[in-house]
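Novice: Questions regarding the structure given below will be posed in turn.
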Amino acid sequence: TSTASVTDAGCYGSNAGAVDLSVAGGTPGYSFFWSNDETTEDLTSLPAGDYQVVITDANGCVHVDNITVTEFTELNVQPSVTNPSCIGKEDGKISLTVTGASPLSYEWSDGSTGAELDDLKAGSYTVTVTDANNCQQISTLVIEEPTANCGGSILDVAVPNAFSPNGDDINEQFDIYRADDVSKVTVKIYDRWGAKVYENPDQQHGPNQGWDGTYRGKEAQVGAYVYVMEIEYSTPNTTDRPTQKTGTVTLVR
């Protein structure tokens, strides 16, 4: 016979599970073959799942045991981001919908402790959500610069001050918004050492138009980058609008 002392795998997706097997009876000189191809008596570093072990004693007698390693309930964080309504406004909002073992706690980079942030200006905000099992999920969310002035139109080119190419389909690229009479925008982006990491001779607004946060086929480092834009207009530049715009954008993940 065999008995198993099982340690669960911990937080969802973790591999902290273990099985401590004890064998009695038969003729000592046992061999073990597990369904994950291990041949030791005990197992460690296991993800959640079902495991079977075949125990053979010195006389060839066989005993089979089935063991289940469990894990904690998944901690799932779904954010909803609302950007400021227009340039100069600080009415952005982030709301979190969270499922997991209650009670839940929230710790934001600005010191807030609720599931919702209001009256936000453009920028990046990081939250650590912790559940009753002490499992954590850290998310960085970006509030984009508004694209229109409060009169309802873009003056030249509206540019975000941060973006987060982390695969969540929110602010995945350095996207820009052009006034209707902007005919061309040349964009160059440089890292802190002055190396050019991105160039677009005529950047448009929309998917796959802006910098995706990679350099030479690899993920660029998080941090601040400098952009330089050359702006051309299809109508006479009679309002002293800029033909060049520079600034910094922060890449977060």
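What follows is calculated from the coordinates using simple rules that are stated; it is not laboratory data. Keep in mind that this is a model prediction, so the values were computed, not measured. Every residue, glycine among them, receives a Cβ derived from its backbone with ideal geometry; neighbour counts consider all protein chains shown.
Novice: Based on C-alpha coordinates, I'd like the Rg and Dmax of the chain, in Å.
Specialist: Using the Cα atoms of the chain, the pair Rg, Dmax is 27.7, 97 Å.
Novice: Going out from 0 in 10 Å bins, what whole percent of all Cα-Cα distances in region 35-150 drops into each bin?
Specialist: The calculated distribution, bin by bin, is 12, 29, 18, 14, 12, 9, 5, 2, 0.
Novice: What whole number of Å gives the distance from the Cα centroid of region 212-253 to the Cα centroid of region 96-111?
Specialist: Region 96-111 and region 212-253 have Cα centres spaced 34 Å from each other.
Novice: What three numbers, in Å, describe the spread of the alpha carbons of region 131-253 along their principal axes, ordered from the longest?
Specialist: So the three principal-axis extents are 62, 35, 22 Å.
Novice: Could you give the nm distance between label points at ASP91 and TYR30, where each point is 7 Å from its Cα heading toward the beta carbon?
Specialist: 6.9
Novice: Using a simple spin-label model with points 7 Å from Cα along the Cα→Cβ vector, what separation in nm is obtained for CYS61 and GLU38?
Specialist: Taking the two extended label points, one gets 2.6 nm.
Novice: May I ask you to derive the relative contact order of region 11-150, considering only C-alpha pairs under 8 Å and at least 6 residues apart, and to give it as an integer percent?
Specialist: 20
Novice: Over region 159-199, what is the mean sequence separation of C-alpha contacts under 8 Å (at least six apart), divided by residue count, expressed as relative contact order in percent?
Specialist: Numbers: 34 pairs, mean separation 9.9, N = 41.
Answer for region 159-199 is 24 percent.
Novice: Moving to a separate point now. Less than 25 Å apart at the alpha-carbon level, and either on another chain or at least 8 residues along: which lysines does that give for LYS188?
Specialist: Candidates past the 8-residue exclusion: LYS196, LYS218, LYS245.
Novice: Under the definition of Cα pairs under 8 Å and six or more residues apart, what whole-number percent is the relative contact order of the chain? Could the numbers behind the result be given before it?
Specialist: On the way: 602 pairs, mean separation 29.3, N = 253.
For the chain, the relative contact order is 12 percent.
Novice: Pick from THR27, THR39, THR82 the residue whose mean-square fluctuation is largest in a GNM of the chain, springs joining Cα atoms under 10 Å.
Specialist: Of THR27, THR39, THR82, the most mobile in the Gaussian network model is THR27.
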